[in-house]
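Readers should treat all values here as calculations from the given coordinates under stated rules, not as data from a laboratory. The structure presented is a predicted model; accordingly, all values stated were derived computationally and were not measured. Note: ideal-geometry Cβ built from the backbone for every residue, glycine included; neighbour counts use all protein chains shown.
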Amino acid sequence: MHREDFPILKQELIYLDNSATTLKPQKVIDAVVDYYTKYTANAHRGDYDNSLKVDMMYEEVRTKVKDFIHGNDEREIIFTSGTTDSLNRIVFGYMKYFLKPGDEVLITKAEHASNILPWLELEKEIGIKVKYIPLENHLVTLKNVENNITDKTKVISLAHITNVLGDIRPITEIGKLCRDCHILFVVDGAQSVPHIKIDVNEMNIDFLAFSAHKMLGPTGVGVLYGRLGLLENMKPTCFGGGMNATFTSTGEVEYKSLPSRLEAGTPNIAGVIGMGAAIDYLMDIGMENITKQERNLKAYFLEKAKEVPNLVIYNKEMEGSLIAFNIDGIFSQDTAVYLNHYHICVRAGNHCAKILKEDLLVKNTCRISFYFYNTEKEIDQVIEVLKKSKEIFQIVL
Amino acid sequence: MDPTLKRRIMLEHYEHPINRGLIEDDTYIKINTNNESCIDNLDIMYKIENGRISDIRFDGEACVISISATSIMIKNLIGKTKEQIMEILENYENMIDQREYDEHILGELNVYHDIYQQPNRKKCALLPFESLKKILEKM
């Protein structure tokens, strides 16, 4: 679907590492290049035409993001450098001042490092307690979350879709539970926002983090969404230009209001404008259509995979658009190098979820992750190569 | 080197590595080697006696290059003195980085002579030797 929009696909390439990053359509590339070739200027400053145009373009993206995730107010959208940055700001700009020693934060072992390490640091810093919701067949269930809530639970922080197995968590139900129990709900949307429709109100999400580059946009830019009342109490983790209203040599400082207060320094203007173009592009296709196409691809792969007897798939029943697999008896990295020989890009490793192996009992996997521009024909080619995997060491050695 | 022979040597060491499996013995020095660029993860244990490495054992999960290189390293180094090991190490690193080296002292390690053609796998071939450097400091 829409392959002609992606200039990189003119080369011989079967790109199946979309959970890591996605390819860029011409419209996104053009939006970034136009900023650099036609109207370069800083934001929020000058009184000349190009600067005013930058302001307009930059702020327009905030509205696009708000509409894309069905938020209420532009001030709830903060531009960051990506999901990791957003999650760190939630932890060190808000939770650090909101939480008290002994308060509990619930996460799982299947989270990405970005949704574990900041919490572990905060645990060391102020004495909160990080607790892991036990997984049931690798899954988070509403019942399991419920069973692990105590009167000390103040935050639940979960990936909407995990990056290793692609299971989709019951976010709406957990969100409602959080609201009923007065627990803050943080959602890592890096693997979900690009693939399925998000509604922060319907899902009762208090904080949401995601990255532009996993949804056709440029690298180095992302979003922190927070409910207005929460963001108003969030402290900046970065101070400097663009975020202060006045300051004196004696230390009297007044910061600007939202969202500027949380966006110190010259922002990634080209990145933000590129992200805007990516959102326009995704909205044109329609998120429902994207989800549907990916589900079809996954189902098609699983059907074809039956022809490859030595293929072990770990997440057949998960809904998300990725396949975690190994060729029986072959180290995942060797498989990835073998596939690369046929210009097939997959990821091998533990996918930044290093403690999941304690639960999964498999240390490393290969991961195929689809996006809407992948095709059944590509899957046929992958299956053919996997069928010949007896030759793997003739190829990789 | 003949590609078929080269492959056969690597596969032999991959499928039947020398001294795979760790033992409980405090007289060994145990080092974890974790390849920062990828996912190989090996534990290697060394025993030093009378100025020589008298035994090396290893275990872990890694790719065909790392496992075979570890096995060949073990085969080549047991019984060697610090000076001999340093000479092998220097020549091996020179070979991997396409500098001048003496192939005569590298034995089966010569199978990695063209690994530079796959830059992402150079680290795999060097992986076991990273732990060896820490051992040399103790000899």
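Could you list, in their original order, any pairs among A:Lys214/B:Lys123; A:Lys96/A:Lys292; A:Lys10/A:Lys109 whose Cα atoms are separated by more than 30 Å?
Where the Cα-Cα span goes over 30 Å, the pairs concerned are A:Lys96/A:Lys292; A:Lys10/A:Lys109.
The mean sequence separation of alpha-carbon pairs under 8 Å and at least six residues apart, normalised by the residue count of chain A, gives a relative contact order of 22 percent.
Legend: Rg and Dmax of chain A, from Cα coordinates, 22.0, 74 Å. Computed from point charges on the beta carbon alone (+1 for Lys and Arg, -1 for Asp and Glu), the dipole magnitude for chain B about its Cα centre is near 60 Debye. When only Cα pairs below 8 angstrom with a gap of at least 6 residues are kept, chain B shows a relative contact order of 26 percent.
Applying 1/(1 + (r/R0)^6) with R0 = 45 Å to the Cβ-Cβ distance of B:Glu87 and A:Lys390 gives a FRET efficiency near 0.70.
Hydrophobic long helices, here whole DSSP H runs in chain B with Kyte-Doolittle means of at least -1.0 and Cα atoms spread over 24 Å or more along the helix axis, are found at B:119-138. Using only side-chain charges placed at the Cβ, +1 for Lys and Arg and -1 for Asp and Glu, the dipole size of region A:286-387 relative to its Cα centre rounds to 180 debye.
Taking a ≥ b ≥ c as the square roots of the eigenvalues of the alpha-carbon gyration tensor, region A:258-397 is classed prolate because a/c is 1.5 or more and a/b outweighs b/c. Let me make sure I get this right: for region A:76-226, a, b and c are the square roots of the gyration tensor eigenvalues over alpha carbons, sorted descending. Under 1.5 in a/c it's rounded, otherwise prolate if a/b > b/c, else oblate. Which is it? Oblate shape, in that a/c is at least 1.5 and b/c is the bigger or equal ratio. Peptides A:248-260, A:208-220, A:167-179, A:132-144 ranked from most to least packed give A:208-220, A:167-179, A:132-144, A:248-260, packing being the mean of other C-beta atoms within 10 angstrom over each peptide's residues. Which FRET efficiency value, to the nearest 0.05, do you get for A:Ala245 and A:Glu307 by plugging their Cβ-Cβ distance into 1/(1 + (r/R0)^6) with R0 = 60 Å? Computed FRET efficiency for A:Ala245 and A:Glu307: 0.40. Averaged over peptide A:326-336, the number of partner chain Cβ atoms lying within 10 Å of each residue's Cβ comes to 4.
Relative contact order of region A:135-269, taken over Cα pairs closer than 8 Å and 6 or more residues apart, is 15 percent.
Which trypsin sites (Lys or Arg not before Pro) in region B:65-139 sit in a loop by DSSP (not H, G, I, E or B) and have at most 13 other Cβ atoms within 10 Å of their own Cβ?
On the way: sites: B:Lys75, B:Lys80, B:Lys82, B:Arg99, B:Arg121, B:Lys122, B:Lys123, B:Lys133, B:Lys134, B:Lys138; in loops: B:Lys80, B:Arg99.
Here the sparse-neighbourhood loop sites are B:Arg99.
Here is the list for region B:10-54: GluC sites (Glu not before Pro) lying in DSSP coil, each with at most 14 other C-beta atoms within 10 angstrom of its C-beta, are B:Glu24, B:Glu36.
Charges were assigned to the Cβ only: +1 to each Lys and Arg, -1 to each Asp and Glu. The resulting dipole of chain A about its Cα centre is roughly 680 debye.
Using the rule -39500 (n - 2.57) for each DSSP H run of four or more residues, divided by the residues of the protein assembly as shown, the 222 nm mean residue ellipticity is -11500 deg cm²/dmol.
Here the Gaussian network model covers chain A, with springs between Cα atoms less than 10 Å apart; of A:Val346, A:Val187, A:Val272, A:Val346 fluctuates the most.
For a label point 7 angstrom out from the Cα of A:Lys27 toward its Cβ, which stretches of region A:205-235 have the backbone nitrogen within less than 17 Å? Taking a point 7 Å out along Cα→Cβ of A:Lys27, the residues of region A:205-235 whose backbone N falls under 17 Å are A:212-218. Relative to the longest principal axis of the Cα atoms of chain A, the long axis of helix A:171-180 makes an angle of roughly 40 degrees.
Net charge in the neighbourhood of A:Ile269 (other residues with Cβ under 14 Å of its Cβ; Lys, Arg +1, Asp, Glu -1) is -1. In whole percents, the pair-distance distribution calculated for region B:3-138 from its alpha-carbon pairs, binned every 10 Å from zero, is 13, 46, 36, 5, 0.
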